Amino acid sequence: MARWRTLTGLLATVLAAVTAGSLTLSAPSAAADVIPTPNVVGGTRAAQGEFPFMVRLSMGCGGALYSSRLVLTAAHCVGATGTNTSITATLGVVDLQSSSRITVRSNYVYRAPGYNGSGRDWALIRLATPVTGLSTLKIANTTAYDNGTFTVAGWGAAREGGSQQRYLLKATVPFVSDSTCNSYYGGEIIPAQEICAGYASGGVDTCQGDSGGPMFRRDASNAWVQVGIVSWGNGCARPNYPGVYTQVSYFASTIASAAASLGG
Ligand code: ARG
C-alpha cells in the first residue's frame, strides 16, 4: 500500500488518481482521513519503466513478458490453442497512447491443457516478432514466494463497473490464505491452483481488464518474481472478497515446458 510521506506527495498522487482514475481504492490509510473524497483515494500511477514486463492485450486483458516472444496471461482471456494472429500486444509504455509504444501481433495461442473455466487459468501468447529492450518477468517455481505482500498492475477498471485506463496503475495487496479465502468464497477456491490477495476491509484490488496480468513480489535477490495471474473475484475491492489469482508456482514446470515447445 502506498505510504504517504509528504502532503505534496499525497496531493500529487490524489491528483494523478483523479486524472487517471485509480486501479483500486486504497485500504484505510492516513489519506482517507485527510481527503474528503474516499472514492478516488489510492491506486497510484506506475512510473515509465517501473514494470517493463507489463503487457496490454487487445482483447482487454493484461499479461507479463515471459520471454522475448511469449506473453503469460490468463486462459480466460484467450480462445483455444492454435494459430491466432488476432491479438495485438502493446508493450514498453505506461501510457497506451504513447508514440513510443511497441505493438506486436500474436501468431499463436497456447491455452492451459484441460482449461474448462474453473482453475488452470493460464495461457501463453506467442508474438510474431521478438521484442527487444524490455526485461522479462520470471515465474516463481517454488511456493517460497506464495506469501507476503504482492504488487499488482494493470490498465483495467479503477473501480467496479468503471472504465479501462489509459495509464498503468499499480497497488499492493497482502496474501490471504486458502482457508481464509475459501471461508469468504464458500469453498469455491481451488487451493493448489489459486492464491488470494487483498484486505479484509476491501478497497484495494484488481478489477475487470486486469485479468491475465501478473501479481508479483521481490525474491531473495530483490528481483521481481511472478506469483499470480489475475483471474477472478466477486466484484472488485469488496470487503471479505479478495482477488483470486492463478498460483503460478503450481503450474511453473508446465508453463516452462509449454514455453519451450513454442520456441522459448
Ligand atoms: N476476470 C476479470 C477480468 O477478466 C478480473 C477480475 C479480477 N477481480 C478481482 N476482484 N480481483 O479482467
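Using θ = phi - 60° and the Karplus curve 6.51 cos²θ - 1.76 cosθ + 1.60, what whole-Hz ³J(HN,Hα) does each residue of segment 104-116 get, with Gly and Pro shown as x?
9, 7, 7, 10, 7, 10, 10, 9, 3, x, x, 4, 9
Using modelled amide H (1.01 Å from N, peptide plane; none on Pro or chain starts), what sits under 5 Å from the amide H of ALA128, excluding residues fewer than 5 places away?
Amide H neighbours of ALA128, under 5 Å, 5+ apart: ARG105, SER106, ASN107.
If amide hydrogens are placed 1.01 Å from N in the peptide plane, which non-local residues have theirs closer than 5 Å to the one on GLU50?
For GLU50, whose amide H was placed from the backbone, there are no distant partners under 5 Å.
Over segment 39-104, what is the mean sequence separation of C-alpha contacts under 8 Å (at least six apart), divided by residue count, expressed as relative contact order in percent?
31
Report the relative contact order of segment 202-264, percent, no decimals, based on alpha-carbon pairs under 8 angstrom and at least 6 residues apart.
30
Keeping every protein chain in place, order LYS170, LYS138 by accessible area at 1.4 Å, biggest value first, i.e. largest first.
Accessible-area ranking of LYS170, LYS138, largest first: LYS138, LYS170.
Which whole-Hz ³J(HN,Hα) couplings does segment 123-129 yield from phi under the Karplus relation 6.51 cos²θ - 1.76 cosθ + 1.60, θ = phi - 60°, glycine and proline marked x?
Those phi angles translate into 7, 10, 10, 8, 8, 5, 9 Hz.
If a/c stays under 1.5 just call it rounded; otherwise compare a/b with b/c (prolate if a/b is bigger, oblate if not). Do that for segment 95-166, with a ≥ b ≥ c from the square roots of the Cα gyration tensor eigenvalues.
rounded
When the solvent-accessible surface of protein heavy atoms is calculated with a 1.4 angstrom probe, in what order do VAL244, VAL94 fall, highest first?
VAL94, VAL244
Where the accessible area of segment 52-191 is counted over protein heavy atoms with a 1.4 Å probe, how much of it, in %, is carbon and sulfur? Don't skip to the answer; put the middle values down first.
Numbers: 2680 of 5840 Å².
Carbon with sulfur: 46 percent of the solvent-accessible area.
The values are calculated or read from the model by the stated rules, or taken from the named source; none is laboratory data. Just so it is clear, the structure is predicted and the values come from calculations on it, not from any experiment. Each accessible area value is taken on the protein alone, full model and side chains, heavy atoms only, with ligands, DNA and RNA left out. Shrake-Rupley method; radii C 1.70, N 1.55, O 1.52, S 1.80 Å.
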